[in-house]
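Shown next, in structure tokens, is the structure this report addresses.
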Amino acid sequence: MFSSREWRAVALAGLLCVGLGAQAQQGKGAYPGIGRDATVKEVAAWDIDVRPDFKGLPAGSGSVERGQGVWEAKCASCHGVFGESNEVFSPLVGGTTPEDIQSGRVARLRDAGFPGRTTLMKVPTVSTLWDYINRAMPWTQPKSLSTEEVYAVTAYLLNLGSIVPDDFTLSDKNIAEVQKRMPNRNGMTTDHALWPGPEFAKGRKPDTTAKACMRDCPVEPKVASRLPDFARNNHGNLADQNRLVGAQRGVQTGAPAAAPAAKPAQDGAAKAPTALLDKNTCTACHAMDQKLVGPAFADIAKKYGGKADYLAGRIRAGSSGVWGNVPMPAQSLSDDEAQTIARWLAGTGKP
């Protein structure tokens with residue numbers, strides 16, 4: 001028969017065995033017991049970067065002609081048919097000359113009077129364009145382009161900058177030759193010592209020569225900003241006017257507003273199809289009760305109450321000029337999904 005002390009010792013040993021067993025299933029190496037090792041498939045899904053030496057670039061190709069079609073369908077609504085972009089995004093094309101392509105340095109980057117800096121003026125490596133388009137575009141559906149479409153869109157963008165001809169087909173076989181025509185290919189510098197890192201070169205130096213203070217150190221200043229009292233609530237509570245995505249900043253300048261209702265402004269509207277809105281990244285541009293890039297769901301519901309079929313069509317085909325200069329690109333969601341969202345907005349049925 002065990003005593004109470006012996007029972008506690010047995011129980012503690014059992015718990016330790018369970019804990020150690022659980023740790024064995026979790027991470028190993030430098031941080032044992034924390035998380036778990038990533039699987040081969042998980043690493044493969046994350047490891048999609050394309051380096052300046054084109055390591056990581058998948059095999060494939062895409063023509064300027066095909067790229068124009070993809071661009072006009074999925075890119076032009078934000079970046080303009082000719083890369084001139086709308087009022088939200090900076091132009092991608094412009095500011096480069098045939099002389100820049102020859103020299104590899106964009107002369108207008110040194111011209112303070114030139115209005116703006118386009119992507120093709122600044123980017124030194126074509127791999128950067130390919131990689132960014134592949135992982136981040138279109139904005140509403142990142143990583144949805146096929147490898148062939150990424151090659152084609154990159155080719156069309158390069159063609160807009162007169163870097164490749166109209167009949168060009170970009171591929172993993174000739175992209176290194178295209179790199180030799182990038183207008184700002186010689187404009188990149190590593191003097192800042194941030195790159196290459198220790199894994200790329202020896203003899204690197206830090207980007208600062210500052211030394212740690214060991215005595216009589218000055219008190220670290222706290223940098224902050226504040227509104228004078230008379231101006232704190234001139235435009236409502238700033239904290240309540242922040243975008244609902246990304247980092248949130250801003251002080252309370254007035255009484256906190258009531259939490260936004262999770263439905264449009266239509267009385268009796270059905271519950272918001274949150275999963276569908278998130279799945280199709282609708283919430284990247286629309287919030288429930290305030291304008292983001294696009295109008296608030298509540299404003300759409302107020303304007304188009306009872307017009308579910310119209311809304312479904314606009315969701316599928318996109319629209320422009322109704323709520324300002326920022327167009328909404330055509331969405332690739334299914335008809336059923338579009339109808340569900342449209343009925344919710346129109347207040348004509350349950351999702």
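So the values come out like this:
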{"quantity": "Percent accessible area from carbon and sulfur atoms, the range 274-348, protein chains only, probe 1.4 Å", "calculated": "50 percent"}
{"quantity": "Gyration tensor verdict on the range 61-180 (Cα atoms; rounded if a/c is under 1.5, prolate if a/b is larger than b/c, oblate otherwise)", "calculated": "oblate"}
{"quantity": "Sequence of Arg215, Arg232 from largest to smallest accessible area, 1.4 Å probe", "calculated": "Arg215, Arg232"}
{"quantity": "Rounded accessible area per residue of the range 94-187, 1.4 Å, Å²", "calculated": "46 Å²"}
{"quantity": "Selection from Ser61, Gly80, Ala44, by position along the positive dipole direction of the range 37-84 (Cβ)", "calculated": "Ser61"}
{"quantity": "Efficiency of FRET from Cβ geometry, Phe89 and Thr209, R₀ 30 Å, rounded to 0.05", "calculated": "0.20"}
{"quantity": "Length released on extending from Cys217 to Leu292, taking residue separation times 0.36 nm less the Cα-Cα span", "calculated": "22.5 nm"}
{"quantity": "Inter-probe distance in nm under a simple model that places probes 7 Å from Cα toward Cβ, at Glu65 and Thr283", "calculated": "4.4 nm"}
{"quantity": "Protein-only accessible surface order, largest first, of Met214, Met188 at 1.4 Å", "calculated": "Met214, Met188"}
{"quantity": "Whole-percent carbon and sulfur share, accessible surface of the range 61-180, 1.4 Å", "calculated": "53 percent"}
{"quantity": "Segment Asn186-Asp37, length gained on full extension (0.36 nm per residue, minus Cα span)", "calculated": "49.6 nm"}
{"quantity": "Area of Ile300 that stays accessible when all protein chains are in place (1.4 Å probe, Å², to 10)", "calculated": "20 Å²"}
{"quantity": "The range 274-348 shape via C-alpha gyration tensor axes, a/c threshold 1.5", "calculated": "rounded"}
{"quantity": "Distance between the range 267-329 and the range 42-100 - C-alpha centres, whole angstrom", "calculated": "27 Å"}
{"quantity": "Of Lys74/Lys303; Lys122/Lys279; Lys41/Lys279, those spanning more than 24 Å from alpha-carbon to alpha-carbon", "calculated": "Lys74/Lys303; Lys122/Lys279"}
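The values are calculated or read from the model by the stated rules, or taken from the named source; none is laboratory data. Note that the coordinates shown come from a computational prediction; the quantities given were computed from them, not determined experimentally. When we count neighbours, we look across all protein chains shown, and the Cβ atoms used for this are built from the backbone with ideal geometry, even at glycine. Just so you know, the surface numbers come from the protein's heavy atoms only, side chains and all, with ligands and any DNA or RNA stripped out. Shrake-Rupley method; radii C 1.70, N 1.55, O 1.52, S 1.80 Å.
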